[in-house]
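Structure record follows, encoded as structure tokens.
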Amino acid sequence: MSSTTGTMTATSAHPKTHAKPVSMVLHGLLAEFDDDHKLVAACKKVRDAGYTDWDAHSPFPVHGIDRAMGISMTKLPIFIFFCGALGTATGVIMQWWMNAVDYPFLISGKPFWSLPANIPVIFELTILFSALSAVIGMFAFNGLPRHYNPLFRSERFKRATDDRFFISVLASDPRFNLNSTRSLLESAGAAAVERVDDTSESEAPPRLFIWAHAILLCLALIPIAMIYRARNAPIDYPRLHVIFDMDNQEKYAGKQAANPAFVDGRAMRLPVAGTVARGMLRQDPALTDGRVGDRWLTVFPANVTIDDALLKRGQNRYEIFCAPCHGFDGSGNGRVTDVARERGLGWVEPKNLHDEDVRLRPVGHLYNTVKNGIRTMPPYGDQISGESDRWAVVAYIKALQRSQRAAPGDVPTEKKDELNNRK
Amino acid sequence: MATIVHEFDNTFEDPQKRPPLVVGDHSFHTVTEAVCRINESPTAPALWWIIFVGGVALLANLGAMIAYLFFTGVGVWGLNNPVGWGFDITNFVFWVGIGHAGTLISAVLFLFRQKWRTGINRFAEAMTIFAVICALLFPGIHVGRVWLAFYLFPLPNQMGMWPQFRSPLLWDVFAVGTYFTVSLLFWYTGMVPDLATLRDRAKTKIAQIGYGIFALGWNGSARHWHRYERAYLILAALSTPLVLSVHSVVSFDFATSQLPGWHTTIFPPYFVAGAIFSGMAMVITLAVPARVIYNVKDIITLHHLDVMNKCILATGSMVGFAYITEFFVAWYSGNNYEWFTFKNRQMGPYWWSYWIMFTCNVIIPQIYWFKWARTNIPLMFVISLLVNVGMWFERFVIIVTSLHADFLPGAWDTYSPTWVEYLTLAGSFGLFFTFFALFLRFLPIIAIAEVKGVMPRKHAHGHGHGGDGHGHLEAAR
């Protein structure tokens, strides 16, 4: 840097904004041109004079200026290419992992992973990533956003985005010299050459600005804190919902208020006199509840006949409703149980139906388990409706239990041969 | 100021001469002036107020309709069992279609070096963005339980489930989402130099800070322009396949189903042509009043309108050809259901919608074979409105006539929209026009820097490429 670029103190050009004198340093020289051809010609001269830290400014991209300034081709396209490739990879891996690995979707028996159906999303993500990288990369390579630029201190420079053309040569250029650079620019056809100064130290933002930000930041935390509290604090009324009556239906149950829709104020209607609702007759507690008094039945009730058809029915119901947890053989290895084990979810293991205690349960107790559930097991009385189906399931459990600890004597004579012939 | 008062006819067809893209006696400064004064004038023209106030009123109505829908449920619409898609998806496809012209003009014409695009591209891109916002609204609100609309996106959730990527509805989420993002980037990137112009001319502190923030400190550096032009070219190259893919994907929503009337391979190209058709019409609908209100007739010249009307003629004929092909294939396929659906479209309970569509889209634009029609401003304004009506009905025909009577006559039913649906449709125009009015008022409506690049030059060039003005924003070497 030449000796002419010393620090100097001057009262600022904007007395309104800075009350006290600010020390200024030379930033560079700004030359104005009134048309783009003069600009291109001048650029060639500045380039040939060996300057490196300089730039041209124009309201629109000027034809041929890249060569005149010696700007080499940008690396931006390469950057965009790699980002686009990243988009492709994201599309492939995301869809494969989500639909074939983490949550396999079986759609009309198609393979979990087959490319054609996944191409549109891969394509869109490739474009999305490339376009984002093109714009973000372009601004980043250009060093933008940069809202403060010493050149903006020049009134003249405002026309760089309107109809004037400029060359700025910065004082940081090793060849910069206030006098010789000025004469170079003038000889290159500049309509005017101006010196641009910059403050030597960065100005602190106004106090008010900082305080306003601090206060806004604190205020912004309030809603977050309120949401956190609303989600976590124990409360004795239903939590807030966006649309309340879709999640919590309006109903009179538990409302402890008279229902205005009926004269008697009851929400629930009484049955028509002399009628009994389905399943409410309970004439034979042995059949419907599996017990007499408070004693569980130990034998099947009289009107349940155990035959092949009943066992088949029991198997059918069992495999639909019970096997998902207890497994097809009752040993507690159902599909749901397996998944829960794999994923390590907190899960009360279903009972092994061949355990000693279950084996010794009276049939009435088993019946009750099917109908009303037990401990953590939910009731299945609603799904397996009708006493005979429930007893059928009980009969099938009994058959399962026997099958697991059968003695040779249990095999019926007509099946003996089959057993003996098996190796 | 060198604006012209009467129409200057620069629509001549002499292949040896290029029509000037900016007419009147303009210098760089007067171009800046012509565009910036729109944003800088302290008062807005009366017509602007009409658009803005009307838009805001309709927007408020949209808010009310959406609130009613959310708090009461989708039952407030007239949808029923066979017709599960009605106005909602019709409006969605309609608005997405409108959105296509913007990117077509900015990207495809850019790649083909059609310099006339510079006068209208900012405009058309803004239109695209607002139209896509309107479009995105409808799938969002039609899902029934809006608070679960996030299921559309592959977000981790408490059920450990992921969306199903074989579904074209999910492709749609990605296609339209990408399209919106890329259009926004394109629009904004193109606008940065012009925002810098507004910043440098700003008289008030608020304008200075506002435009200053979004201008990102742009200073017209040649090194910046170099990367900028590269990025812009690449964006155009990316948007071109994108614009074709978006409406193709939208058409997959229908084409990949088994429904007669939807299950056809002609859908993707036919949808794309229709989209460009409706988008061009919308550009005319907006450009004609705008050039009058703001007196920018010398930048959006008669030549621009003429060329756009040619595009309307071409794409309208393509769409007509597709209608006829579809009909022929339905008959030729020998498939009873297919053939029934197409006869039902023309002669069934919704025959009127089919014929409105056919008249507005195919028959009326044929008048553009004549040059007097292409350069007649009131006429083209009316036709552009009719084309938009026709294109709205096209989507209605495709959706409703196919759904209401499919395979089993026992499951047929007709659909009639409720007042809520009509008002929601009107409200979506409110959304569009509110945004558009704000854009007209506060943002540079014409790409100033680009227009300067294609201006006819007063003085002769050293390199001998003056005259029609070589595009400076064309591909960097």
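Around the Cα centre of segment A:21-203, unit charges on the Cβ atoms of Lys, Arg, Asp and Glu (plus for the first two, minus for the last two) sum to a dipole of about 420 debye. If we count every other residue with Cβ under 12 angstrom of A:H27's Cβ, Lys/Arg +1 and Asp/Glu -1, where does the sum land? That sum, taken over residues with Cβ under 12 Å, equals -3. Distance between the C-alpha centres of segment A:306-333 and segment B:381-412: 53 Å, rounded to the whole angstrom. Built from the Cα atoms of segment B:285-393, the convex hull projects on average onto 7.5 nm², one quarter of its surface area.
Farthest towards the positive end of the charge dipole of the protein assembly as shown, among the residues A:H354, A:A273, B:I284, is the Cα of A:H354, using unit charges on the Cβ of Lys, Arg, Asp and Glu. If you add up the charges near B:I141, with Lys and Arg at +1 and Asp and Glu at -1, over every other residue whose beta carbon is less than 14 angstrom from its beta carbon, what do you get? My count for the surroundings of B:I141 gives -1.
Placing +1 on the Cβ of every Lys and Arg and -1 on the Cβ of every Asp and Glu, with nothing else charged, gives chain A a dipole about its Cα centre of roughly 960 debye. The residues of segment A:157-182 occluded by other protein chains by 20 Å² or more of accessible area, set against the chain on its own, are A:K158, A:T161, A:D162, A:D163; surface from heavy atoms, 1.4 Å probe.
Mean-square fluctuation check for chain A, GNM, Cα pairs under 10 Å: which of A:R175, A:R207, A:R341 is largest? So, out of A:R175, A:R207, A:R341, the one fluctuating most is A:R341. Cross-link reach is defined here as a Cα-Cα straight distance under 15 Å, omitting same-chain residues fewer than 8 places apart; for B:K310 the aspartates and glutamates meeting it are B:E13. Probing with 1.4 Å while keeping every protein chain in the model, the per residue accessible area of segment B:216-338 equals 29 Å². Charging the Cβ of each Asp and Glu at -1 and of each Lys and Arg at +1, and nothing else, the dipole of segment B:19-168 about its Cα centre rounds to 340 debye. Size descriptors for segment B:155-305: radius of gyration and Dmax over Cα atoms are 21.0, 62 Å. Taking every Cα-Cα distance in chain A and sorting them into 20 Å bins from zero, the calculated P(r) comes out as 14, 25, 22, 16, 16, 7, 0 percent. Averaging over all projection directions, the Cα-based convex hull of segment A:222-359 occupies 16.6 nm² in the image plane.
Within the same chain, aspartates and glutamates fewer than 8 places from B:K297 are excluded, and of the rest, those with a Cα less than 12 Å from its Cα are B:E7, B:D9. Once the C-beta distance of A:H213 and B:L379 is scaled by a Förster radius of 56 Å, the resulting FRET efficiency is 0.50 to the nearest 0.05.
For the residue pairs A:K45/B:K452; A:K45/A:K158; A:K45/B:K115; A:K251/A:K351, the alpha carbons lie more than 29 Å apart in A:K45/B:K115; A:K251/A:K351.
When only Cα pairs below 8 angstrom with a gap of at least 6 residues are kept, segment A:286-405 shows a relative contact order of 34 percent.
For the protein assembly as shown, the share of alpha carbon pairs falling in successive 20 Å distance bins from zero is 11, 32, 29, 17, 9, 2, 0 percent.
For segment A:21-203, the alpha-carbon radius of gyration amounts to 1.57 times the rule-of-thumb value 2.2 N^0.38 Å expected for a compact globular protein. The alpha carbon convex hull volume per residue for segment A:286-405 rounds to 103 Å³.
Based on Cα contacts under 8 Å between residues 6+ apart, chain A shows a relative contact order of 17 percent.
Of all the options A:A212, A:A323, A:A191, the one that moves most in a Gaussian network model of chain A with Cα springs shorter than 10 angstrom is A:A323.
With R₀ fixed at 56 Å, the C-beta to C-beta distance from A:A277 to A:V358 puts the FRET efficiency at about 0.95. For chain B, the fraction of alpha-carbon pairs lying more than 45 Å apart is 14 percent, rounded to a whole number. At 37 °C and 0.692 mPa s, what whole-number value in µm²/s does Stokes-Einstein give for the translational diffusion of segment A:104-188, with Rh from the Kirkwood sum over Cα pairs? It diffuses with D of about 176 µm²/s by this estimate. The mean sequence separation of alpha-carbon pairs under 8 Å and at least six residues apart, normalised by the residue count of segment A:21-203, gives a relative contact order of 52 percent. For A:R422 and A:T305, a Förster radius of 22 Å and the Cβ-Cβ distance give a FRET efficiency of 0.10, rounded to the nearest 0.05.
The values are calculated or read from the model by the stated rules, or taken from the named source; none is laboratory data. Model, not experiment: these values are computed from the prediction. A quick note on method: Cβ atoms are made from the backbone with ideal geometry, for glycine too, and the neighbour counts reach across all protein chains shown. The protein model used for the area step is the full one, side chains on, heavy atoms only, and it has no ligands, DNA or RNA in it. Shrake-Rupley method; radii C 1.70, N 1.55, O 1.52, S 1.80 Å.
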